[in-house]
Each structure stands twice: as structure tokens, then as C-alpha cells.
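Here's the structure, in C-alpha cells; my notes come after.
The values are calculated or read from the model by the stated rules, or taken from the named source; none is laboratory data. Just so it is clear, the model here is predicted, and its values are computed rather than measured. Glycine also receives a Cβ, built like all others from the backbone with ideal geometry; neighbour counts cover every protein chain displayed.
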């Protein structure tokens, strides 16, 4: 059985359960690269342009790890997921960046998923099938099977990505961990922030918990239409949780050099100021000093506790 | 109309003070421009919009917030693509040009386009003249004079006169004979190519070294592609897409694809090398940069990348330009000797 490599980075965190079922259905074995570690990060930095953001460098490292272990590497070119919306420009050019930066690659499957111009994901998967000499009929069947249960994505997050002993408890502090899924769920990039929160008995909310209907409704309030699908997810989730008063605070994980985040952090922080929700922005980059993150996290949580304790206290000095 | 004061260190400082830290350089300069113009009395700001995937399309959203927070009461008009709504597009244009009927609108737009074209031609001519001129400072003087006078005069006809006069002065500059200059194309992100303050006046610096400079994008080229020939696009730009196709066949936002196409375009024209200029953090240009590495290798064509940001240490910049030009002239000698 031929092997298809899936690098554990970027869109992996959004699509992996579907990709896995699709490729298994058409008779290919899937090989996922190891969890991000120091070697993968170092190789990624070595093999990519200096200006790229951290997640892009990391996916370069994952591809480098996979390149002599598999027959194909799957890096789809996801241009657009909704009409008149796009993904980040770096995701649009990701296959090109990888092909031009890493040498001796196996064949890269870089099928276009462009829902702005074409309808439905199915045609994209048919193109993947064509690449592997699978008939349209078979790949449609595999596609339908892979996407038959949408819930399996959230099950997968709970089982694989959230911390092992994490449990939702009604009386704990609720924090929304916001950011691109590849920043929130890659515990090497964010230095295990989910783990740290879970150990402190905090309930974790993420943008992925929400259905896309909610996201789209709550991200349509902006004066100018947001044209990034991933941006809408972040803004929509923030608006939903803030307006429904389901959370006590927001931690935004942004990566250094991310163009989307430079816009989104501004929008979310403004919204949380208006609704008086505590907000912290953590910028992630190549440096690996964990103490700084710990300190900031502790300070943020302390601040929230004091706020809760002192909110009904009115000083006699007023 | 109040033209923003010429970009300066002060503009950039005001801009970076009030902008989100991770925003790209054009955004910060824009904010500086706005505030400086508002202080001179402007109450309406006009910018063009876009609808992705480059973050430029969302500039207005944040800039409005920032201006509001600073307590400025101004009207920010965004001219978006016709695709975003035909009615809004026309009403915005009418508001700006103060005309009511479509033919009038057409006439005043035509005039504006003509002026932009003339001004661009003049800049281009000055770049060519500077490369060949015996006394390069003379060309600089003529251009400085032109820029200084252009903000003092009023009306289109006076401006046309000034442009014609400057053109004539440029034609009278004494040129070197039998001189074959190094030719360099400037490619990259459109704003950093056009705005001399942001790119540290790269055209002039290269011209000073006797290099012939050509810019891949100018306001004229942009208008020809996006406005005059809408929705088909101008021939030049479409040709660039074709050239970029072996390396990249889908758009990546901004001018990423044009950057690649232009590099190959200049190679075909027999240029000695190209310089890519981008603001730090520019998403489309980063993708283009990683591909340019292979374009350079495949075509045996020198490409240098310069990243600009708020740090504007000029000396380092000049050293790199000089080194690049030296490299190109050595290369040429080698080719001649064989």
C-alpha cells in the first residue's frame, strides 16, 4: 500500500479526520509526521524564508521530516472556502513555498480547493482522486463517507488535541483561547498553554466548538465585510462568547508576523474593551523561553481573580 | 483638496505611535499622512479599497477606529471594487468629484488619469536621464524643484505646464556618450515601490551610481490594469501572469504574482538584475520571495530582496545597493571576456 504523508501543521488541525477517512477509503495509508519538537522547528527555520511566520516555518519542518518516508505528501492549495472569501495569502501559496524551499521532495499533491470559483469540496477531492488514478465515482463515494459525520471533528479534538485529563466543570473560570487552530492546538508552538490552563482548573473554550452558522452570524457585524474565512472564525467566536457572556476572559494566541492576526487582535481587543472582558494577547515566535509565558499567564489569572473578588468593593476614600 | 505633506520621519513616527504594532509599513505611513493632513484642515479622507486576500482591504476598518479614538471627526471614504456594489461605487465617485451626471464624471476622471500618466512619465524620464547624465545632481535639482513647485500651483493646466517645462529641462541635461548603464528593475509591493520616502529613494540612489532604473508598478500601470481596462486587465499585466505561470498558477493576493512575472519580464528585456522591495510582514511578497529564489537559479538572474520597516538606517541600505551594482558590473565583464 502506498503511503501519503500529512505534515502536522497549518490545515492539519482543521481537516485531518476527514482527510484520513478519505484516503483510507480509496486505499492509501496515511503517515502523519511527529508532533512538533525542537528538531522539526530547527529544520523548518533552516528550510524556509526568514520572513515567514512561525506556523509556516514549522510546516516546512514537518514536510522535511516526511520527505524520505512516504510516496506522496499532501499539501492542498486551499484558496477559498466560501464565496468571495479567501484564506491567508501564505496558505494560498503554501505548496509553492514548500516546493521552492525544500529539496529532494517526493511528489506533492497540491490540488486546488477553490470554493469561490467552483462549488463544493467534492470536486476538489475528485481532483485528488485523479492524481492517484482513482475514478470520480470512487472518490465521490469516499468523500461522502468521510464527511458523513461532521461531529467526528469535535470528537477528534477532544480525544487528540485537548489535554489528557481535561474536564469541563461548571463552577470553574471560563477562558476562551482564541487564535488559528494551528496555534491553539499545537502544544509546542504555544508551550502547552491548554495544559497549563487545565492544570489550574480552568474551562477551555475554543472557536472550533461553535457551529459555522453561529460563526458566520456573529462575524457579520463588521462595517466592512471580512474576506478571510479563518478571520471570520476568530472574530465570530469572540463576538459570540462575549455577547452571550459565556466567558470570563480571552487569551489570544497570535504568531509573530501573521498578517491576519495584526488585524484580528485589534478587532477582538476592541470588542472586549467595550464589553469589559479581560483580554490578553500572547505573541508566539521561535524563542523558547517558557518562563515569560508562565508569568504572564499567572498575572492574567490573578488579575481576573482580584477583579472578581473586588468588584463589589467600593473604597471609602472615593 | 489638501495633499498630505511629503512623507518624512515625522509622518512615520506619528503613524507607528498610533498603529497596531504588527501592522505593515504602508498602514503606519497612511496613519501619519491622515493625521498630518487633518492638522492642516482636511475633513474627508479618500482611500481605495480591495477585497482580499491581502490585509490592505481591511485598512479602513481599523483606521477609522484609530482616528475616532484620537478624537478626529473625519469622513473616511473607501472606493471599493465595483464587485462590492455598483451603487456605492458611483455615489462615492460623485461625492469625491463633485459632479452629478455620468458624462461629467467620465470627463473629470479622464482628466485625473491623464495627469497621473503625465506625472509618471516625467518620473520615468528623470530616471533614464539620471543614469546617463554627466552631472547627476543637476537632475536631482530639477526634480526637487518640480516637486516643490507642484504643491504650490493650482489647477490642471498649470500642472501640465509645469510638467512640460520640467521635461524640457530634463532634455537639456548633458548626457554621457557611448555609455551603457547597468539596468535594474524594481519589483515588489506597489506602495513601497512608488513612495520614495519608504524605499529610501532607491531610484535616486541607484541613478547616482549610474544605473538605469525601471519600476514594475506605477500608478499609471495600476490604473490601466484595474480601472481603464476593467474587467479584462491591461496587456502588460496579463502578460506577467502568463510569465509567472510555471511557478505559480493561482493568485496569492496583493501583487505577489506580478512580482514573479515582472522578474521574468525584466530578464527577457535583457536587464542585469532586479531588486525586490517589500515592507516587513507583507504576506504575498513573502510567498513571492520564497519562489524568486528558484526563479533566480533557473534563469541565472541576480535578484536581491530589500525589506523596509520603521528602522531606516540609510548606510546599510546604500552599502547593499552598491554591492549589488558592483556584482552586476563584474558579472557583465565576465560575460564579455567569456
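Report the residue count in region B:70-81 for those that are at the interface with chain A (Cβ under 9 Å from one of its Cβ atoms) and either over 30 Å from residue A:92 (Cα atoms) or not in a strand (DSSP E or B) (or both).
Let us first name the residues in region B:70-81 that are at the interface with chain A (Cβ under 9 Å from one of its Cβ atoms), namely B:78, B:80.
Filter once more, so that each one left must be either over 30 Å from residue A:92 (Cα atoms) or not in a strand (DSSP E or B) (or both): B:80.
Summing the residues that are at the interface with chain A (Cβ under 9 Å from one of its Cβ atoms) and either over 30 Å from residue A:92 (Cα atoms) or not in a strand (DSSP E or B) (or both) in region B:70-81 gives 1.
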Single match in A:78, A:32 (criterion: surrounded by fewer than 19 Cβ atoms within 10 Å (Cβ to Cβ), within 17 Å of the chain's Cα centre (by Cα), at pLDDT 90 or above and not assigned by TED's automatic domain parsing to the domain that holds residue A:226): A:32
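Inside region A:255-279, can you point out the residues that are more than 12 Å from every other protein chain (Cβ to nearest Cβ) and either surrounded by 19 or more Cβ atoms within 10 Å (Cβ to Cβ) or in contact (Cβ under 8 Å) with a residue 60 or more places away in the chain (or both)? Let's see the steps before the verdict.
If we filter region A:255-279 for residues that are more than 12 Å from every other protein chain (Cβ to nearest Cβ), which is where we start, we get A:272, A:275-279.
Residues satisfying the conditions are A:272, A:277, A:279.
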Selection count where residues are over 10 Å from the mean Cα position of the chain (by Cα) and part of a loop (DSSP other than H, G, I, E, B), scope region B:172-197: 10
Of the criteria (1) crowded, with 17+ Cβ neighbours inside 10 Å; (2) under 23 Å from the mean Cα position of the chain (by Cα); (3) free of Cβ contacts under 8 Å to residues at least 60 places away in the same chain, which one residue B:38 fails: (2)
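Residue-wise test of (1) part of a helix (DSSP H, G or I); (2) in the same structural domain as residue A:244 (by TED's automatic domain parsing).
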position: A:98; (1), (2): yes, no
position: A:104; (1), (2): no, no
position: A:108; (1), (2): no, no
position: A:116; (1), (2): no, no
position: A:134; (1), (2): no, no
position: A:143; (1), (2): yes, no
position: A:163; (1), (2): no, yes
Test: residue in region A:61-71 that is under 30 Å from residue A:216 (Cα atoms), out of contact with any strand residue (DSSP E or B) (no Cβ under 9 Å at 6 or more places or on another chain) and buried (at least 22 other Cβ atoms within 10 Å of the Cβ): no
Hey, residue B:223 more than 14 Å from chain A (Cβ to nearest Cβ), closer than 27 Å to residue B:136 by Cβ and not in a loop (DSSP other than H, G, I, E, B) or not: no
Wholly within region B:242-338, helices (runs of 4 or more DSSP H) carrying at least 3 residues that are over 20 Å from the mean Cα position of the chain (by Cα), within 14 Å of chain A (Cβ to nearest Cβ) and in contact (Cβ under 8 Å) with a residue 60 or more places away in the chain: none
Flag for residue A:153 being in a helix (DSSP H, G or I), at pLDDT 90 or above and farther than 30 Å from residue A:248 by Cβ: no
Selection from region B:262-284 of residues that are out of contact with any strand residue (DSSP E or B) (no Cβ under 7 Å at 6 or more places or on another chain) and over 23 Å from residue B:331 (Cβ atoms): B:281, B:282, B:283, B:284
Considering residues of region B:40-64 that are part of a helix (DSSP H, G or I) and under 16 Å from residue B:75 (Cβ atoms) only, the residue farthest from the other protein chains (Cβ to nearest Cβ): B:63
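Per-residue answers, yes or no, for (1) surrounded by fewer than 17 Cβ atoms within 10 Å (Cβ to Cβ); (2) assigned by TED's automatic domain parsing to the domain that holds residue B:308; (3) modelled with pLDDT of 85 or more:
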| site | (1), (2), (3) |
| --- | --- |
| B:159 | yes, no, yes |
| B:204 | no, yes, yes |
| B:229 | yes, yes, no |
| B:254 | no, yes, no |
| B:258 | no, yes, yes |
